[in-house]
Amino acid sequence: MDSVEKGAATSVSNPRGRPSRGRPPKLQRNSRGGQGRGVEKPPHLAALILARGGSKGIPLKNIKHLAGVPLIGWVLRAALDSGVFQSVWVSTDHDEIENVAKQFGAQVHRRSSEVSKDSSTSLDAIIEFLNYHNEVDIVGNIQATSPCLHPTDLQKVAEMIREEGYDSVFSVVRRHQFRWSEIQKGVREVTEPLNLNPAKRPRRQDWDGELYENGSFYFAKRHLIEMGYLQGGKMAYYEMRAEHSVDIDVDIDWPIAEQRVLRYGYFGKEKLKEIKLLVCNIDGCLTNGHIYVSGDQKEIISYDVKDAIGISLLKKSGIEVRLISERACSKQTLSSLKLDCKMEVNVPDKLAVLDEWRKEMGLCWKEVAYLGNEVSDEECLKKVGLSGVPADACSTAQKAVGYICKCNGGRGALREFAEHIFLLMEKVINSCQ
């Protein structure tokens, strides 16, 4: 993560980290004239996600998969779906991060090595971006490590900037935590309360708590940033819900973050529906794609017991599981696996068969899940409500899905995808209550 300079209302920092005294001056609204008819053009609001390749903790953390999606993908999805930005950018110095950003529909600014150091600040990178993009009037700097960000938050902040005239708006979260002074030998031998009276400790419901920056985003007008501030002028905060204030860079580890994202994250414009049918490609998903031939020319395949258990659990949960293959594999061999699933092999058009099964069961596409791994699965993966691929799927299939498994095909990917389905179905059930 880029180091973020966090100024307060009366003390902010410039790009080089030297404190500036007092409150920065209030700025006038920056509007651009129309073309020849005096019509005022709305200011250009650009989302900017800073994601350099270097990381002291997790290598390439910004594109490490969190709940099956590259970390940066969660905030890009929210920014794009909010509909308030004229452009959405990722500032990076790394090819792989650039590829992921483009895959999600963002534009890429290749930052220089000068603003890609461990010592570089967010303001350094933002100012460099503005130097190359004169069309931008307002920057919404969104932190890649805040995967529970929702479009509604960004929409409300954009309104505060555009309609209410604020020069800068930043995100905060309310915390109910009592603070105490630090004991320092030779200076202070005892601690003292900083925000409470110990003799009259308030109950949580009787105390409003305090506001803390959560680092999810910092919106600021161009002139303010060029003066060296992310916070200043006519300033306001935006209070985010506590369950959406997830910063895995600061106070949460990866497994816990995955659970939080699956429960509170934003999964797209359309609401999730309960999955009723899972279709799995046989070669490379149920199996590892290897085919063995016996001395009498009989085909032998292998699968992971974990995946068989995954199928069993799905069926017990009322989810139909069916298998499909474009290869003319032996149904007798597959039936010997005793998975008790309907299957179709030697299928030249998987989408046509998938659509036939969907109509047969009276389902909409949002109620269908698909696990594939090849180019021939691409259209199916794009069509269904929930899509997944094993970790070793081809790049075309990976670009078409919402969930990339940690496991390879034939090595637990199906079981992992089943667990993902169960977690999302829990989210669907909770949203209906």
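The values are calculated or read from the model by the stated rules, or taken from the named source; none is laboratory data. Treat the numbers as computed from the prediction; the structure is a model and nothing was measured. With ideal geometry, Cβ positions are generated from the backbone for all residues, glycine too; neighbour counts draw on all protein chains shown. All accessible areas refer to the heavy atoms of the entire protein, side chains included, with ligands and DNA or RNA removed. Shrake-Rupley method; radii C 1.70, N 1.55, O 1.52, S 1.80 Å.
Just the residues that are open to solvent by less than 80 Å² (accessible area, probe 1.4 Å) and more than 31 Å from the chain's Cα centre (by Cα), please, taken from the stretch 198-210.
Of everything in the stretch 198-210, those that are open to solvent by less than 80 Å² (accessible area, probe 1.4 Å) and more than 31 Å from the chain's Cα centre (by Cα) turn out to be PRO198, PRO202, TRP207.
Just name the residue that is nearest to GLN231 (Cα to Cα) out of those in the stretch 160-214 that are free of Cβ contacts under 8 Å to residues at least 40 places away in the same chain and of a type in the set (Gly, Ala, Ser).
GLY209
Can you tell me how many residues within the stretch 117-141 are in a loop (DSSP other than H, G, I, E, B), at pLDDT below 95 and open to solvent by less than 20 Å² (accessible area, probe 1.4 Å)?
Total meeting the criteria: 1.
For the stretch 229-267, name all the residues that are touching a helix residue (DSSP H, G or I) at 6+ places or on another chain (Cβ under 7 Å) and small (Gly, Ala, Ser).
Hits for the stretch 229-267 are GLY232, GLY233, ALA236, GLY265.
If you take the residues of the stretch 407-419 that are under 19 Å from LEU314 (Cα atoms) and surrounded by fewer than 19 Cβ atoms within 10 Å (Cβ to Cβ), which of them is modelled with the lowest pLDDT?
Per the criteria, the residue is GLU419.
Among the candidates VAL190, VAL172, which residue alone is under 30 Å from LYS427 (Cα atoms) and among the β-branched types (Val, Ile, Thr)?
Going through VAL190, VAL172 in turn, the sole match is VAL172.
Checking the conditions here, which among VAL108, VAL75 is assigned to a strand (DSSP E or B) and closer than 21 Å to LYS399 by Cβ?
On inspection, the qualifying residue turns out to be VAL108.
Do we have any residue at all in the stretch 211-223 that's crowded, with 23+ Cβ neighbours inside 10 Å, among the aromatic types (Phe, Trp, Tyr), assigned to a loop (DSSP other than H, G, I, E, B) and modelled with pLDDT of 90 or more?
No, every residue in the stretch 211-223 fails to be crowded, with 23+ Cβ neighbours inside 10 Å, among the aromatic types (Phe, Trp, Tyr), assigned to a loop (DSSP other than H, G, I, E, B) and modelled with pLDDT of 90 or more.
Please pick out the residue among ASP377, ASP392 that is surrounded by 22 or more Cβ atoms within 10 Å (Cβ to Cβ) and of a type in the set (D, E, K, R).
Selected residue: ASP377, the only one of ASP377, ASP392 that is surrounded by 22 or more Cβ atoms within 10 Å (Cβ to Cβ) and of a type in the set (D, E, K, R).
Could you tell me whether any residue of the stretch 177-196 is within 25 Å of ILE138 (Cβ to Cβ), touching a Lys or Arg at 6+ places or on another chain (Cβ under 8 Å) and assigned by the TED database to the domain that holds LEU123?
No: zero hits.
When the stretch 343-372 is examined, which residues are found to be touching a residue at least 60 places away in the same chain (Cβ under 8 Å), open to solvent by 20 Å² or more (accessible area, probe 1.4 Å) and in a helix (DSSP H, G or I)?
The answer is ARG358, MET361, LYS366, GLU367.
Scan the stretch 381-388 and give yes if some residue there is in the same structural domain as LYS316 (by the TED database) and surrounded by fewer than 16 Cβ atoms within 10 Å (Cβ to Cβ), otherwise no.
Yes, the stretch 381-388 has at least one match.
Is there a residue being open to solvent by 60 Å² or more (accessible area, probe 1.4 Å) and either outside the structural domain of LEU80 (by the TED database) or over 30 Å from LYS271 (Cβ atoms) (or both) anywhere in the stretch 225-232?
Yes; the residues of the stretch 225-232 include at least one that is open to solvent by 60 Å² or more (accessible area, probe 1.4 Å) and either outside the structural domain of LEU80 (by the TED database) or over 30 Å from LYS271 (Cβ atoms) (or both).
Any residue in the stretch 329-342 that is of a type outside the set (Phe, Trp, Tyr), open to solvent by 20 Å² or more (accessible area, probe 1.4 Å), modelled with pLDDT of 85 or more and part of a strand (DSSP E or B)?
yes
List the number of the failed condition for TRP89; all other conditions in (1) closer than 16 Å to PRO151 by Cβ; (2) in contact with a His (Cβ under 6 Å, 6 or more places away or on another chain) hold.
(1)
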